[in-house]
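The block underneath contains the structure these notes are about, expressed in structure tokens.
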Amino acid sequence: MRPVSIVGIGKTPFGVFGDRSLLDLATEAGRKCLKNGGVEVPQVEAFYLGNFAGPAFVGQNHLAPYVAAGLGFEDIPATRIEAACASSGSAFFHAWSAVASGIYDVVLVVGVEKMTSQPASRVTDILASAGDLGGEVAAGATFPALFAMIARRHMHEFGTTREHLAAVAVKNHANGARNPDAHMRKPITLDQALNGRMIADPLTLYDCSLVSDGAAAVVLCPSERAAEFSAKPIRVLGAAQASDRVALADKDDITTFRAVRRAAEKAYRLAGVGPKEIDLAELHDCFTIAEIVAMEDLGFVRRGEGGPAVAAGFSAIGGELPVNTSGGLKSKGHPVGATGVGQLCDLALQMRCEAGERQVSRTGVGLAQNLGGSGATCVVTILGR
Amino acid sequence: MTVARCNGCGKTHAGAPRFCACGGEGFAAIEASGRGAVYSCTTLYAAAERFENDLPFQIAIVELEEGARLTARIAGAAVSIGDRVRLVEERGGVAFFSAA
């Protein structure tokens with residue numbers, strides 16, 4: 001396996017864009033990325049697209065060649081990867097595997113989702129299809145409800161409180177307010193977060209990530225060729241993907257995600273680092289409780305200590321290990337299929353010292369954790385300079 | 001209500017499992033008592049289109065006395081983690097439990 005680097009990044013803002021199509025968003029991110037990396041269209045040897053539910057949200061299927069053609073690619077393999085909210089993390093993982101193993105040199109990965117053209121209850125329905133349709137979804141479960149049950153159990157076993165959950169939302173909104181590309185650039189107070197409209201007890205509207213449109217892209221090549229394209233390449237130190245059962249009730253313990261632990265173990269081993277060496281992270285805060293559980297599963301804090309750590313400022317900008325300096329899914333937005341690659345773009349911005357108002361000082365090693373469903377897929381990626 | 005017991009390790013599963021984590025593929029259907037305890041639960045105030053008329057409603061992961069877990073609807077008074085519950089009906093493939 002050979003070392004691989006990210007040589008270009010590109011993103012659309014995340015938000016509600018009534019006048020923009022899936023193709024429009026995906027090609028904007030892709031073109032910005034190639035330009036950012038100094039990569040010409042004919043140099044790209046393969047294209048991977050991360051997308052969760054384009055066919056349900058906008059009707060179009062066969063999306064990989066559809067977007068590839070929009071980007072001007074001819075003949076090259078174009079592959080769509082679907083892994084719920086980890087779709088583009090997984091697309092990145094497979095692109096990285098292909099470059100690392102020597103099959104291709106230059107590969108473009110785009111993640112995209114166009115969600116806001118559907119009414120809220122239909123969006124809930126489409127998202128729920130990433131759960132177990134015959135069991136939990138038939139009983140009426142939504143994703144907020146599944147994560148609410150995770151939160152309830154975590155509270156029961158470890159004493160996590162609603163204030164701990166709200167602290168995640170307050171932190172991520174404060175960070176997102178400093179991100180010009182974030183969906184919701186609005187700081188919130190602890191009081192607001194605690195008194196939001198109840199969605200699935202104990203989760204309020206402020207515990208839930210946003211329904212957004214958006215796209216993100218990265219371009220990869222072997223590290224030995226990185227200097228041809230970029231003055232600031234970012235090295236992929238390790239990447240790993242793991243799976244678990246889809247239904248929440250089929251997991252032995254819902255206060256921890258087995259797939260996150262397994263992917264993290266592998267990624268740490270490949271990268272030759274441990275949780276203590278991580279300087280900053282983008283974690284999958286689809287719900288506030290998910291960021292707390294991820295911090296524990298990744299070994300940033302001990303089990304049960306995620307909530308108190310966030311409330312004490314451990315993961316704030318300026319804290320010991322800043323988490324979601326971009327605003328996270330909570331404030332930056334969560335265009336499902338774009339999220340995994342979006343996290344990598346945000347880490348790369350920090351590691352290139354291009355993160356503006358939200359720039360942190362220590363950026364040697366960054367970690368991204370992208371979760372699919374209620375933990376049935378997880379991709380962990382570790383970047384370095 | 002029946003649950004599937006693995007012929008290999010004896011673990012019970014709700015629904016129709018294809019395999020067990022122990023590697024076993026053979027299962028025996030056993031009659032379940034219909035009694036169990038709440039492993040976790042939530043009350044929903046927003047739902048998918050086809051459940052909007054039921055709002056608000058409570059769902060739970062119920063751990064049956066036989067060990068298997070399933071996601072169920074709660075009928076009647078709200079329950080909390082650890083509460084004993086019993087099966088009251090199965091409708092459209094969904095189990096409804098109430099406080100025991």
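The values are calculated or read from the model by the stated rules, or taken from the named source; none is laboratory data. Small disclaimer: the values here were computed from a predicted structure and weren't measured. In this analysis, Cβ positions are derived from the backbone assuming ideal geometry, glycine residues included, and neighbour counts consider all displayed protein chains.
Tabulated values for the structure
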item: Total residues in region B:22-54, condition part of a loop (DSSP other than H, G, I, E, B) and more than 9 Å from chain A (Cβ to nearest Cβ); result: 8
item: Only listed residue being closer than 25 Å to A:Pro180 by Cβ, surrounded by fewer than 24 Cβ atoms within 10 Å (Cβ to Cβ) and modelled with pLDDT of 95 or more, chosen from A:Arg31, A:Arg2; result: A:Arg31
item: Set A:Ala100, A:Ala91, A:Ala69, A:Ala46: member being away from chain B (no Cβ under 14 Å), more than 30 Å from B:Ala46 (Cα to Cα) and touching a Pro at 6+ places or on another chain (Cβ under 6 Å); result: A:Ala46
item: Those residues of region B:1-21 which are within 13 Å of another protein chain (Cβ to nearest Cβ) and in contact with a strand residue (DSSP E or B) (Cβ under 8 Å, 6 or more places away or on another chain), in sequence order; result: B:Val3, B:Ala4, B:Lys11, B:Thr12, B:His13, B:Ala14, B:Gly15, B:Ala16, B:Pro17, B:Cys20
item: Matching residues in region B:69-97 - criterion: being crowded, with 16+ Cβ neighbours inside 10 Å, part of a loop (DSSP other than H, G, I, E, B) and within 11 Å of chain A (Cβ to nearest Cβ); result: B:Ile81
item: Hits in region A:225-264 (condition: within 14 Å of chain B (Cβ to nearest Cβ) and under 22 Å from the mean Cα position of the chain (by Cα)); result: A:Ser243, A:Asp244, A:Arg245, A:Val246, A:Ala247, A:Leu248, A:Ile254, A:Thr255, A:Thr256, A:Arg258
item: Hits in region A:132-157 (condition: facing another protein chain (nearest Cβ under 7 Å), at negative phi and not in a helix (DSSP H, G or I)); result: A:Ala138, A:Ala139, A:Ala141, A:Thr142
item: Count - residues of region A:47-96 that are touching a residue at least 40 places away in the same chain (Cβ under 8 Å) and in a helix (DSSP H, G or I); result: 17
item: Residue identified as touching a helix residue (DSSP H, G or I) at 6+ places or on another chain (Cβ under 8 Å) and surrounded by 17 or more Cβ atoms within 10 Å (Cβ to Cβ) among A:Pro233, A:Pro275; result: A:Pro233
item: The one condition in (1) buried (at least 22 other Cβ atoms within 10 Å of the Cβ); (2) in contact with a Gly (Cβ under 8 Å, 6 or more places away or on another chain) that A:Val246 fails to fulfil; result: (1)
item: Some residue of region A:266-285 being away from chain B (no Cβ under 14 Å), on the phi < 0 side of the Ramachandran plot and out of contact with any Gly (no Cβ under 9 Å at 6 or more places or on another chain); result: no
